[in-house]
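Chemist: Have a look at this one before I ask anything.
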Amino acid sequence: MNPPSATSVAPTIAAIATAPGRGGVGVIRVSGSDLLEFARALTGKTPRPRHALLTDFRDAGGQAIDTGLLLYFPGPASFTGEDVLELQGHGGPVVMNLLLRRCLELGARLAEPGEFTRRAFLNNKLDLAQAEAVADLIDASTQAAARSAVRSLQGEFSKAIHALVDELINLRMLVEATLDFPEEEIDFLQAADAFGRLARLDARLAEVRDRAGQGKLLQAGLQVVLIGQPNVGKSSLLNRLAGDELAIVTDIAGTTRDALKSSIQIQGIPLHIIDTAGLRETDDPVEKIGIARTWQEIEKADLALLLLDARIGQTEADRAILARLPAKLRRITLRNKIDLNGEPPGRHTQGSDITLSLSAKSGAGMELLEQALLEVAGWHQAEDVFIARERHLQALEASALHLAAARAEVETPHPALELFAEELRLAQNALSEITGEFTADDLLGVIFSRFCIGK
């Protein structure tokens, strides 16, 4: 992705950079070219670079709108690489909107979502992975996710990707240098340890994929849906996991009519727990709507917790629920209410199927559930993960597939080194999509449109 040409001048943009609502301080950010005159028109003063100026912000008639701090960051030493002004005033929505309107009167236009960060990317202040980490840091729902987002923002993810790209480039140079000498190709590559380099690339890519996969868990978490027949303890389990009385619990079947949602975290992993209406045949029109919504939540979930009454065990109705679940949906079976039959907590594993015995009411066996949730999620404790998104994982997977194709080609009896070289090139391009060095404009539009306005 190339930055704008030096002859093009981007329009000045402005936006409120703080969250909506009342607060002690509100910030408006302005970015553009040659903003000193803009600052003088707004305040009647000339700010010094990177010094806070206490001043009045004035309307077109010279009346004070607010008193606050003006910060001036001349480009290219600014977040966007352009001249940037930050207006720090009082955080009331009326005052902020008056200041923003004055900035628009002075020639700025309202910034689009993510436009400040997009300009930072286009002006080579951030690469694409770092730009995405800005939004991920803002959206982080756990401390672990925030730390990983900072790690990516500081460039650790990008450094790992660049190291892989550099190794690929060196290997490509070696391979392509042999193409003019077909009679000595394989011998030359073996002498240069090309195949050893490919194996080491595979191993390092696998390590980066693992760290990125852990970061994706921190960023998105898991959607966990509680399902089962009425009155098996789904609402009690939601309350136990959430640590609060979110759902009404009674002995009356069908109490829960709609999906109730709560977000918790286990070892820094966000879990979005959804309690649903009990699945059964019913003539109640309201309960029917709740059951239909249950199946909608199941379609969107990453994991289903199927609750059974431990005193009864699995019934034909439970088997019918299991048969209707999407094939790709992971599930854990929970034998609940062991406090009523005196059964101890426990775990039974058969292949990939996990069954736990616990009591949502007393809390017995809940530590087994937490361990199983992390296990199914694929989480292992690590301190060096970096935040990642689904597109990053797809790019890493594509690169791994191209490396596998390259390895398969050279392992054939009569390898075609042109195909080997082409697979290496495609692997490099896939990795470069992560940092934005090989990225389509339409993808950039999708990425930055999901940012908040003012960032």
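Chemist: Residues being open to solvent by 10 Å² or more (accessible area, probe 1.4 Å) and under 13 Å from Arg389 (Cβ atoms): count how many of those fall in the stretch 118-133. Show your work before the answer.
Modeler: Step one: list which residues in the stretch 118-133 are open to solvent by 10 Å² or more (accessible area, probe 1.4 Å), which gives 118-119, 121-127, 130.
Checking the rest, the ones that are also under 13 Å from Arg389 (Cβ atoms) come to 130.
So the answer is 1.
Chemist: So is Arg101 within 26 Å of the chain's Cα centre (by Cα), open to solvent by 10 Å² or more (accessible area, probe 1.4 Å), over 27 Å from Leu218 (Cβ atoms) and at pLDDT 85 or above or not?
Modeler: On the way: within 26 Å of the chain's Cα centre (by Cα): no; open to solvent by 10 Å² or more (accessible area, probe 1.4 Å): yes; over 27 Å from Leu218 (Cβ atoms): yes; at pLDDT 85 or above: yes.
Criteria not met by Arg101.
Chemist: Among the residues of the stretch 291-323, what is the count of those that are hydroxyl-bearing (Ser, Thr, Tyr) and modelled with pLDDT under 80?
Modeler: We begin by selecting, within the stretch 291-323, every residue hydroxyl-bearing (Ser, Thr, Tyr); these are 294, 315.
Filter again for modelled with pLDDT under 80, leaving 294.
Of the residues in that region, 1 qualify.
Chemist: Let me ask something else. Listed residues Lys328, Lys337; which is surrounded by 19 or more Cβ atoms within 10 Å (Cβ to Cβ) and either modelled with pLDDT of 85 or more or not acidic (Asp, Glu) (or both)?
Modeler: Numbers: Lys328 fails: surrounded by 19 or more Cβ atoms within 10 Å (Cβ to Cβ).
Being surrounded by 19 or more Cβ atoms within 10 Å (Cβ to Cβ) and either modelled with pLDDT of 85 or more or not acidic (Asp, Glu) (or both) holds for just one of Lys328, Lys337, which is Lys337.
Chemist: Something else now. Would you say Leu226 is closer than 25 Å to Leu340 by Cα, open to solvent by less than 70 Å² (accessible area, probe 1.4 Å) and at pLDDT 85 or above?
Modeler: In short, yes.
Chemist: Hey, another quick one. Identify, from the list Phe195, Phe157, Phe188, the residue that is at pLDDT 90 or above, part of a helix (DSSP H, G or I) and of a type in the set (Phe, Trp, Tyr). Even if it seems obvious, please write down each step before you answer.
Modeler: Working: Phe195 fails: at pLDDT 90 or above; Phe188 fails: at pLDDT 90 or above.
Selected residue: Phe157, the only one of Phe195, Phe157, Phe188 that is at pLDDT 90 or above, part of a helix (DSSP H, G or I) and of a type in the set (Phe, Trp, Tyr).
Chemist: Condition test on Asp34, is it out of contact with any Ser or Thr (no Cβ under 8 Å at 6 or more places or on another chain), at negative phi and modelled with pLDDT under 95? Steps first, please.
Modeler: On the way: out of contact with any Ser or Thr (no Cβ under 8 Å at 6 or more places or on another chain): yes; at negative phi: no; modelled with pLDDT under 95: yes.
The answer is no for Asp34.
Chemist: Given the criteria polar (S, T, N, Q) and open to solvent by 20 Å² or more (accessible area, probe 1.4 Å), does Ser78 qualify? Give the steps one after another, and end with the answer.
Modeler: On the way: polar (S, T, N, Q): yes; open to solvent by 20 Å² or more (accessible area, probe 1.4 Å): no.
For Ser78, the condition - polar (S, T, N, Q) and open to solvent by 20 Å² or more (accessible area, probe 1.4 Å) - is not met.
Chemist: Specify which of the listed residues (Phe386, Phe420) is within 23 Å of Asp127 (Cβ to Cβ), of a type in the set (Phe, Trp, Tyr), touching a residue at least 60 places away in the same chain (Cβ under 8 Å) and open to solvent by less than 40 Å² (accessible area, probe 1.4 Å).
Modeler: Values: Phe420 fails: within 23 Å of Asp127 (Cβ to Cβ).
Matching residue, one of Phe386, Phe420: Phe386.
Chemist: Now for a separate question. Mind checking which residues of the stretch 293-315 are more than 22 Å from Ile338 (Cβ to Cβ) and either β-branched (Val, Ile, Thr) or in a helix (DSSP H, G or I) (or both)?
Modeler: The first filter runs over the stretch 293-315 and keeps only residues more than 22 Å from Ile338 (Cβ to Cβ), leaving 293-302.
Hits for the stretch 293-315 are Arg293, Thr294, Trp295, Gln296, Glu297, Ile298, Glu299, Lys300.
Chemist: Applying the selection to the stretch 18-31, what residues are surrounded by fewer than 14 Cβ atoms within 10 Å (Cβ to Cβ) and basic (Lys, Arg)?
Modeler: Start the filter on the stretch 18-31 by keeping residues that are surrounded by fewer than 14 Cβ atoms within 10 Å (Cβ to Cβ), which leaves 19-22, 24-25.
Selection gives Arg22 alone.
Chemist: Do the conditions hold for Ser148, that is, is it touching a residue at least 24 places away in the same chain (Cβ under 8 Å) and crowded, with 23+ Cβ neighbours inside 10 Å?
Modeler: Values: touching a residue at least 24 places away in the same chain (Cβ under 8 Å): yes; crowded, with 23+ Cβ neighbours inside 10 Å: yes.
Here the answer is yes, as Ser148 does meet what is asked.
Chemist: Within the stretch 108-129, work out how many residues are among the small types (Gly, Ala, Ser) and touching a Ser or Thr at 6+ places or on another chain (Cβ under 6 Å).
Modeler: Here is the first cut: in the stretch 108-129, the residues among the small types (Gly, Ala, Ser) are 108, 111, 114, 120, 129.
Cutting the leftovers down to touching a Ser or Thr at 6+ places or on another chain (Cβ under 6 Å) gives us 108, 120, 129.
Total meeting the criteria: 3.
Chemist: Sticking with this structure for a sec: Anything in the stretch 32-66 that is surrounded by 12 or more Cβ atoms within 10 Å (Cβ to Cβ) and aliphatic (A, V, I, L, M)? List them, or say none.
Modeler: Listed by number, the residues that qualify are Leu35, Leu36, Ala39, Ala41, Leu42, Ala52, Leu53, Ile65.
Chemist: Which one is modelled with the lowest pLDDT among residues in the stretch 198-208 that are farther than 17 Å from Val410 by Cβ and open to solvent by 90 Å² or more (accessible area, probe 1.4 Å)?
Modeler: Per the criteria, the residue is Glu207.
Chemist: Identify the residue in the stretch 433-455 that is assigned to a helix (DSSP H, G or I) and farther than 22 Å from Ala212 by Cα and, among all such residues, is modelled with the lowest pLDDT.
Modeler: The qualifying residue modelled with the lowest pLDDT is Asp442.
Chemist: Scan the stretch 104-117 residue by residue and report those that are open to solvent by less than 60 Å² (accessible area, probe 1.4 Å) and under 22 Å from the mean Cα position of the chain (by Cα).
Modeler: Those that are open to solvent by less than 60 Å² (accessible area, probe 1.4 Å) and under 22 Å from the mean Cα position of the chain (by Cα): Pro113, Gly114, Glu115, Phe116, Thr117.
Chemist: Can you confirm whether Arg347 is out of contact with any strand residue (DSSP E or B) (no Cβ under 7 Å at 6 or more places or on another chain) and of a type in the set (D, E, K, R)?
Modeler: Numbers: out of contact with any strand residue (DSSP E or B) (no Cβ under 7 Å at 6 or more places or on another chain): no; of a type in the set (D, E, K, R): yes.
For Arg347, the condition - out of contact with any strand residue (DSSP E or B) (no Cβ under 7 Å at 6 or more places or on another chain) and of a type in the set (D, E, K, R) - is not met.
The values are calculated or read from the model by the stated rules, or taken from the named source; none is laboratory data. Computed from a predicted structure; not experimentally measured. Quick reminder, even Gly has a Cβ in these numbers, built from the backbone with ideal geometry, and neighbours come from all protein chains shown. Surface accessibility is based on the protein's heavy atoms, side chains included, excluding ligands, DNA and RNA. Shrake-Rupley method; radii C 1.70, N 1.55, O 1.52, S 1.80 Å.
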